[in-house]
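The values are calculated or read from the model by the stated rules, or taken from the named source; none is laboratory data. The structure presented is a predicted model; accordingly, all values stated were derived computationally and were not measured. For neighbour counting, all protein chains shown are included, and Cβ atoms are generated from backbone atoms with ideal geometry for every residue, glycine included.
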Ligand SMILES: [Zn+2]
Ligand SMILES: [Zn+2]
């Protein structure tokens, strides 16, 4: 079958609602995979892209980078996939392939990394084209809709949990219980850690317990007390709000690490003495490498732990965006074609 046309959901200018347009499909290059999009998750980054919050967006833009679809055509160099396979595609859609990061399995740090929905049109579309190295074959036992959010949100929390916990069981704090936070809680619990959830929404305590946390901190009330002093080894910040650094650094024990995957609007400020007394580390982590994505897919299948999703049809994309902006999605919106 010959595919020549693509239907795309585009933002024509900064902050615009997405509109459906038709455009000729690009020609497949030799390393390309053509995927018919079945599902695409909606990530906070998509809203940042639509609103040009990071600067430099060229409009019209097609967001969407948590893509699940069926392989319908292949470039002549693609031998690891076949037509009819179901695959997942995340934030990263390409890298140079030759630098020290790319050749040592750290492709997500490549300086020439290409973002799925910035260098080409994204997953809110009928079809998507990507490079074979960034297209991951899915086991037939996976529920496809629930698998979509793993490809950005999921790997963004899975990678630092693996990197910093190093398969040891620790006392872990998760800041924020939204799309990323709920996946972090589920993953960290299955990895055997003891979990504390920090949230500025008091009524998330029950949800935190249901998802596996043994301790809940209502930050608005507790940010000035010492109940958590030296009680944690690792804190993963998944919220995008400005953090109370004193509070979180106080909660870390010796050699503890605070890692950001959410991006606060302002720069953080701290004194060296705040780190020195307990030899603390501050870090931040971007998505994950292809080998970490494969490791995550094995982990979720083995442990039966998946994101919790709210389903929308692709034509409801603007409704899903509005709900996400109001923090009303529980926990990840997934659009279906
Ligand atoms: Zn590279
Ligand atoms: Zn994302």
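Under the condition of being over 15 Å from the mean Cα position of the chain (by Cα), surrounded by 15 or more Cβ atoms within 10 Å (Cβ to Cβ) and touching a residue at least 40 places away in the same chain (Cβ under 8 Å), the residues counted in segment 40-69 number 6. No other residue among 93, 56, 123, 75 is in contact with a strand residue (DSSP E or B) (Cβ under 7 Å, 6 or more places away or on another chain), within 30 Å of residue 240 (Cα to Cα) and more than 16 Å from ligand 1 (Cβ to nearest atom) apart from 123. One residue stands out among those in segment 147-167 that are touching a strand residue (DSSP E or B) at 6+ places or on another chain (Cβ under 9 Å) and more than 16 Å from ligand 2 (Cβ to nearest atom): the one that is nearest to residue 303 (Cα to Cα), which is 161.
Of the strands (runs of 3 or more DSSP E) lying entirely inside segment 24-129, those containing at least 2 residues that are out of contact with any helix residue (DSSP H, G or I) (no Cβ under 9 Å at 6 or more places or on another chain) and farther than 30 Å from residue 160 by Cβ are 32-42, 67-74. Of the listed requirements (1) over 18 Å from residue 228 (Cα atoms); (2) modelled with pLDDT of 95 or more; (3) in contact with a helix residue (DSSP H, G or I) (Cβ under 6 Å, 6 or more places away or on another chain), residue 294 misses just one: (3). When residue 83 is tested against (1) touching a strand residue (DSSP E or B) at 6+ places or on another chain (Cβ under 6 Å); (2) touching a residue at least 40 places away in the same chain (Cβ under 8 Å), only condition (2) is not met. Please enumerate the residues belonging to segment 217-261 that are over 23 Å from the mean Cα position of the chain (by Cα) and within 18 Å of residue 182 (Cα to Cα). Within segment 217-261, 217, 218, 219 qualify.
For residue 120, are the conditions met, namely being within 16 Å of ligand 2 (Cβ to nearest atom), touching a residue at least 24 places away in the same chain (Cβ under 8 Å) and surrounded by fewer than 22 Cβ atoms within 10 Å (Cβ to Cβ)?
yes
Here's the yes/no breakdown for (1) in contact with a helix residue (DSSP H, G or I) (Cβ under 7 Å, 6 or more places away or on another chain); (2) part of a loop (DSSP other than H, G, I, E, B); (3) surrounded by 14 or more Cβ atoms within 10 Å (Cβ to Cβ); (4) not assigned by TED's automatic domain parsing to the domain that holds residue 229:
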residue: 253; (1), (2), (3), (4): no, no, yes, no
residue: 266; (1), (2), (3), (4): no, yes, no, no
residue: 269; (1), (2), (3), (4): no, yes, no, no
residue: 279; (1), (2), (3), (4): no, yes, no, no
residue: 316; (1), (2), (3), (4): no, no, yes, yes
residue: 321; (1), (2), (3), (4): yes, no, yes, yes
residue: 330; (1), (2), (3), (4): no, yes, yes, yes
